[in-house]
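Comments concern the structure below.
All of the numbers you see were taken from the coordinates with simple rules; none came from a lab. Keep in mind the model is a prediction, meaning the values are calculated, not measured. In this analysis, Cβ positions are derived from the backbone assuming ideal geometry, glycine residues included, and neighbour counts consider all displayed protein chains.
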Amino acid sequence: MKQLRMKILGFFTVVLVLFTLLFLYLFSTILERQAIEQQGEDLQSQLLTLSSLLDEEEFETDLEAVTQQLSQTADVIDERITFITPTGDVTYDSRAEEGRLENHLDRPEIQQILQEGVPVGTYDRTSESTGEVLYYAAVALNSEDGELIGFLRLSKNVEEMAGLTERMIQVLALFMMISILVALLFTNYWTKKISDPIEKMKELTEKLSVQHYSSRYNGSSYREIDDLGQSINLLAINLDQQMQEINENQTRLRELINHLIIGVMVVDSEGHITMVNPVMNEVLGEDLYGKIGERFDEALHSTTLVEMIRQAMSEQTIQNQEAELLYPEEKIVDANVVPVFNQQKETFNHIVLLYDITEIRRLEKVRTDFVANVSHELRTPITAVKGFAETLLDGALQGEAVLVEFLEIIYKESTRLDLMVQDILQLSKLEKHKASTVIQRVKARDVVEEVMKIVHQKTDLKQISVDLIEPVPVELDIDRDQLKQITLNLVGNAIAYTPEGGDITVTLSKTDKEAILSVADNGVGIPKESQARVFERFYRVDKARSRNAGGTGLGLAIVKWLVENNDGQISLESEEHKGSTFTVWLPLTKEA
Ligand code: ADP
C-alpha cells in the first residue's frame, strides 16, 4: 500500500511539475513576444519619425552632413542607427566602425523591403553569445524622383523588457512551487487517509485467510471506506460463527465416532488411512493411530480386509463380508467398506466399518451345540421310559417282580430326566441372567455344613466320611444359594465318583482377598486327557458310570459358570484311581 501511495504522490509530483514548467515556458514566451512586439512597434514609429526628419537630398550631395545629422540624433536616443547604401555598404553606424561592417544587403529586414515591398522591414534575433534579443527595423529612403538612396535602420536591445519578464517568471515559479508543495501535502494527507484503512483491511483479510476469525477492522476514514471495513467485519463474524459450528459439528462427530461400538476407519482416495476410532484399534488388536497417513495395504494385516478395500476402490460399490481375522487373535468380524462420493460423483473416501461378531458367533455355536446335546441327552432316558412302558403294555404286566423292576427303571429314568431338565433350566436361567442374586455376607462353614446335611443319606449309604477343615473362619460376599450350588455340585460329584468307604475332605481357607474352597476325594480320579474337558456341558468321562451315579453332565458346567460370574477361578488336580481335588477361589468382598 505504501508503494501505491508513493506511486500516486510521484505521479502527482511529475504531472504538477511538468504542467508548471510548461505553463512557465508558455507564459514567459508569450510575455517575451509581447515585449518584443511592443518595443518593435515603438522602434518602427521612431524610425519613421527619424526618416521623415531627414533631408533626402543631402544623401545625394553631402553624405557627411547626413552622417553628422544621424550621429547627433544617435546622441539623444538609445537606439543604434545604421545607414546602408542600396548596394549594402554601411556608410554610418552609431555603434561600430562603418568600414569594418560587412555587406548588409542580405540582412532579413533589408530583404523584406526589397522582396516584399513593405514600407518597414523588421527582424528580431537572439544573440547567441549574450542571449539578448535584438530588434531591427529598416526603412527605404527614396529621392524625390523615387530613386532608392539607401536604407535607414534602427536597432534596439530588448534586454530590459526581458529582465522584467524574468522577474515575473521567478515570482510565478515561486508561487507555483508553493502551490505544488501544498497540493502534494494535501495529496499525501488524502492518500494516507485512504491507504491506511485499506492497508488495515488487507492485514485483516490476511488474518482471516489463516483462520484468525476474531480480528476486526476498527479504522476510521471516509464513509465509503468504513462501510467496506464494516462489510469485512460482517464477513469475519459470519466466518467465525460458521467455523464455530463446523468445530462443534466436528467435535460431535468425533465424539460419536469414538463412542461407536463399531470400528470405523477412513481411507482417502489415495489409499491413505486418515482416521480411526478406538474400537477399530480394539477389533484389529493394534494401534492404528500411529499408522495414520500410511497406505491401508501396508498398515493392515488382514488380507481379506485389504482385498475388500481394493475391490471397493476399483468397483466403487459397497463391500460386505464376514471376515475372519487371524492376527493378533482369531476374530470374526462383519466388515463393510463404503465408498463415499463427493458432489462431482468422484469417490474421495472409503469408510471401513468392522463389527466384532466373534462372541455372537460363539454363542450361536454354543446354542446349536447345546440344543443338539440336549436332544441327544434327553433321548436316552426318554427311549428307556418309552421302551419299558411299551414292554409293559405288550404283556409284561403279569409278573409282579418284572412289573416292579420295570417301573423302578421307568422311575429312575424319569428322575434323571427331571434332574436333567432342572439342570438345563438352571443353566439357561443363569445364562440369561434371570436368576436373582442376593449378595450377602456368608459364613462359608454354614453353607458347607448345610450341604453335608443334604448329602448325609448318600454318604451314609456309601460309608463315605466327609471332613470339614477350616483353620480360620471364612466369610465372603456372595449369593448364598450360588455358593451352596457350587459346594453341592462338587461334594455331590466327589460322593458319586468315590467308591464305598472313601474319604472326602472339604477345606475352607483364605488369602488377603480370596476365599478358597477345596473338595478332595480319593475316588476314581479323572484321566489327564479329560481334565480340561470336564467343565464342558454334557461331557462325561465314563457315560455309564455317570448315568448310574445319576449325573447329567452339567454339574461342573454350572459350577464353572457360577464361579466365573462371581469373578472367581476353578482348578482341578486329579490322578486316575487316586482321587481328585477341585479348588475354587472366590473374592472375599464385592461391591453391592
Ligand atoms: P455329571 O453329572 O456326569 O457328574 P459333571 O459335569 O458334574 O457331570 O461332571 C463331568 C464329568 O467329570 C463326570 O461325568 C465325571 O466323569 C467327571 N467327574 C466330575 N467330578 C469328579 C470326581 N470328583 N471324580 C472323578 N470324576 C469326576
- [ ] Just check region 247-353 against the gyration tensor rule for me: Cα atoms, a ≥ b ≥ c as the square roots of the eigenvalues, rounded for a/c under 1.5, and otherwise prolate or oblate depending on whether a/b exceeds b/c.
- [x] oblate
- [ ] Taking the chain as the reference, fit the longest principal axis to its C-alpha atoms, fit the long axis of helix 2-53 to the helix C-alpha atoms, and give the angle between the two in degrees, 0 to 90, nearest 10.
- [x] 10 degrees
Task: Candidate aspartates and glutamates - alpha carbon under 15 Å from K207, same-chain residues fewer than 8 apart omitted - done: E199, D240
TODO: Could you pull out the pairs from K365/K443; K365/K513; K432/K458; K458/K528; K432/K578; K429/K578 whose alpha carbons sit more than 31 Å apart here?
DONE: K365/K443; K365/K513; K432/K458; K432/K578; K429/K578
- [ ] Sort 74-87, 314-327 for me by packing, meaning the mean count of neighbouring Cβ atoms within 10 Å per residue, highest on top.
- [x] 74-87, 314-327
TODO: Compute the separation of the alpha-carbon centres of region 412-452 and region 454-511 and state it in Å as a whole number.
DONE: 15 Å
Open item on the list: Which one, P527, M201, L397, is farthest towards the positive end of the dipole of the chain when Lys and Arg carry +1 and Asp and Glu -1 on their Cβ?
Closed with: L397
Open item on the list: Per q in 0.13, 0.15, 0.23 Å⁻¹, report the Debye log10 I(q)/I(0) for region 484-592, using one uniform scatterer on each alpha carbon and no solvent.
Closed with: -0.46, -0.61, -1.36
TODO: Using only the alpha carbons of the chain, determine the length spanned along each of the three principal axes and report them from longest to shortest in whole angstroms.
DONE: 209, 53, 40
Task: Against the rule of thumb 2.2 N^0.38 Å, how large the Cα Rg of region 157-316 comes out - done: 2.26
Task: Computed [θ] at 222 nm, deg cm²/dmol, the chain (DSSP H ≥ 4; -39,500 (n - 2.57); rounded to nearest 500) - done: -17500 deg cm²/dmol
Open item on the list: Could you tell me which residue out of S375, T505, M177 lies farthest along the dipole of the chain toward its positive end? Charges go on the beta carbon: Lys and Arg +1, Asp and Glu -1, centred on the Cα centre.
Closed with: T505
Task: Equivalent ellipsoid, region 368-413 (semi-axes from 5 times Cα gyration tensor eigenvalues, Å) - done: 28, 10, 4
Task: Pairs of Cα atoms farther than 15 Å apart, region 517-564, % - done: 50 percent
